[in-house]
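Participant: Dropping the structure in here first, questions after.
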Amino acid sequence: MSRLHFVASDATDAQAALAALRARHEDSGEDIADVIVALGGDGFMLQTLHQFLGSKKPIYGMNLGSVGFLMNEYRDEGLDARLAAAEPAHVHPLRMKAVTISGQTHDALAFNEVSLLRETRQAAKIRISVDDKVRITELICDGVLISTPAGSTAYNLSAHGPILPIDAALLALTPISAFRPRRWHGALLSHRARTRFEILDPVKRPVSAVADNLEVRNVARVDVAEDRSISMTMLFDAGHSLDERILAEQFVD
């Protein structure tokens with residue numbers, strides 16, 4: 001039996017589930033627990049990954065949110081057996097370095113995606129370089145994002161980006177409502193790629209950069225690359241691995 005530590009979002013259902021599970025299982029505390037059990041939605045799973053980044057403890061999520069793509073079904077019985085049979089998925093974050101127009105630098109990690117978004121009615125104008133070579137001189141758009149495989153079924157998919165297998169050594173670069181070049185629909189990049197976004201006319205056309213749940217406003221330049229030195233493990237019920245979920249998502253009617 002694993003030693004467990006339970007965490008939950010502030011939602012009423014999640015707090016009720018937290019109480020129910022703690023009534024059935026001892027909470028060993030985060031320091032000595034073998035597994036972190038997270039109760040909430042996908043957003044809370046991302047928060048939990050960031051919260052326990054240094055511990056490298058595996059995280060088993062149960063869905064008490066809206067979508068729950070990164071979570072397992074919530075049940076308050078049979079948790080020990082589910083954990084014993086659980087299948088791991090190893091994920092690596094993107095590392096974002098954003099420089100604002102005032103010269104401030106912000107570093108952040110993103111397990112899903114880094115997105116650049118226009119802040120006003122004015123379309124953003126963004127130059128994109130990959131490995132120090134300019135690939136798009138001027139992208140006129142609502143925004144652009146770069147996604148990990150784990151995040152490829154989230155905002156990336158909503159922006160019509162490709163779904164990536166969890167073990168693919170790839171990143172998805174996807175425009176958001178691109179106006180020019182009109183026919184550019186994005187690119188697949190090596191996970192080793194270093195991508196730079198330069199904001200053209202950032203005062204007139206301000207842009208924000210978002211890494212998971214951290215937003216930096218009025219950016220002038222954003223550098224993004226995967227950080228393979230960091231690895232986190234999520235646990236999924238047998239037969240419902242993240243691999244299987246991502247594959248099944250591509251065959252939804």
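Participant: What tally of residues in region 60-94 results from selecting those that are over 12 Å from residue 238 (Cβ atoms), of a type in the set (D, E, K, R) and touching a residue at least 60 places away in the same chain (Cβ under 8 Å)?
Facilitator: Qualifying residue count for the region: 2.
Participant: I'd like to know if region 195-214 contains one or more residues that are at pLDDT below 95, closer than 30 Å to residue 35 by Cβ and assigned to a strand (DSSP E or B).
Facilitator: The answer is yes; a qualifying residue exists.
Participant: A further question on this structure: Quick check: anything in region 137-158 surrounded by fewer than 14 Cβ atoms within 10 Å (Cβ to Cβ), free of Cβ contacts under 8 Å to residues at least 60 places away in the same chain, under 27 Å from residue 68 (Cβ atoms) and out of contact with any Pro (no Cβ under 9 Å at 6 or more places or on another chain)?
Facilitator: For region 137-158, residues surrounded by fewer than 14 Cβ atoms within 10 Å (Cβ to Cβ), free of Cβ contacts under 8 Å to residues at least 60 places away in the same chain, under 27 Å from residue 68 (Cβ atoms) and out of contact with any Pro (no Cβ under 9 Å at 6 or more places or on another chain): present.
Participant: Could you check, for region 12-32, whether at least one of its residues is closer than 19 Å to residue 212 by Cα, without any contact (Cβ under 8 Å) to a residue 40 or more places away in the chain, surrounded by 15 or more Cβ atoms within 10 Å (Cβ to Cβ) and outside the structural domain of residue 109 (by TED's automatic domain parsing)? Don't jump to the end; show me each part of the working.
Facilitator: Going through region 12-32, the residues closer than 19 Å to residue 212 by Cα turn out to be none.
No, every residue in region 12-32 fails to be closer than 19 Å to residue 212 by Cα, without any contact (Cβ under 8 Å) to a residue 40 or more places away in the chain, surrounded by 15 or more Cβ atoms within 10 Å (Cβ to Cβ) and outside the structural domain of residue 109 (by TED's automatic domain parsing).
Participant: OK, next. Mind listing just one residue for me: the one in region 142-160 that is in a strand (DSSP E or B) and over 26 Å from residue 244 (Cβ atoms) and, of those, nearest to the chain's Cα centre (by Cα)?
Facilitator: Here the residue is 144.
Participant: Based on this model, can you work out whether residue 36 counts as surrounded by 20 or more Cβ atoms within 10 Å (Cβ to Cβ), β-branched (Val, Ile, Thr) and free of Cβ contacts under 8 Å to residues at least 40 places away in the same chain? Explain how you work it out, then say what you get.
Facilitator: Working: surrounded by 20 or more Cβ atoms within 10 Å (Cβ to Cβ): yes; β-branched (Val, Ile, Thr): yes; free of Cβ contacts under 8 Å to residues at least 40 places away in the same chain: yes.
Judged against the criteria, residue 36 is a match.
Participant: State which residue is nearest to residue 142 (Cα to Cα) when the search covers only region 215-241 and only residues that are in a loop (DSSP other than H, G, I, E, B) and touching a Lys or Arg at 6+ places or on another chain (Cβ under 6 Å).
Facilitator: Of everything passing the filter in region 215-241, 227 is nearest to residue 142 (Cα to Cα).
Participant: Now for a different question. Conditions first: (1) surrounded by fewer than 18 Cβ atoms within 10 Å (Cβ to Cβ); (2) closer than 20 Å to residue 83 by Cβ; (3) among the aliphatic types (A, V, I, L, M); (4) touching an Asp or Glu at 6+ places or on another chain (Cβ under 7 Å). Residue 70 passes all but one, so which condition is the exception?
Facilitator: (1)
Participant: For region 161-171, state whether one or more residues are assigned by TED's automatic domain parsing to the domain that holds residue 206, of a type in the set (A, V, I, L, M), over 14 Å from the mean Cα position of the chain (by Cα) and modelled with pLDDT under 95.
Facilitator: The answer is yes, given that some residue of region 161-171 is assigned by TED's automatic domain parsing to the domain that holds residue 206, of a type in the set (A, V, I, L, M), over 14 Å from the mean Cα position of the chain (by Cα) and modelled with pLDDT under 95.
Participant: Could you say which residue among 98, 108, 124, 89 is surrounded by 14 or more Cβ atoms within 10 Å (Cβ to Cβ) and touching a Cys at 6+ places or on another chain (Cβ under 6 Å)?
Facilitator: 124
Participant: So is residue 89 touching a helix residue (DSSP H, G or I) at 6+ places or on another chain (Cβ under 9 Å) and of a type in the set (Gly, Ala, Ser) or not?
Facilitator: Yes.
Participant: Report yes if residue 139 is within 14 Å of the chain's Cα centre (by Cα), more than 15 Å from residue 214 (Cα to Cα) and either of a type outside the set (S, T, N, Q) or assigned to a loop (DSSP other than H, G, I, E, B) (or both), otherwise no.
Facilitator: Considered against the rule, which asks whether it is within 14 Å of the chain's Cα centre (by Cα), more than 15 Å from residue 214 (Cα to Cα) and either of a type outside the set (S, T, N, Q) or assigned to a loop (DSSP other than H, G, I, E, B) (or both), residue 139 comes out as no.
The values are calculated or read from the model by the stated rules, or taken from the named source; none is laboratory data. Predicted model, so just to flag it, every value in this text is computed and none were measured. Don't worry about glycine lacking a Cβ; one is built from the backbone with ideal geometry, like all the others, and counts go over all protein chains shown.
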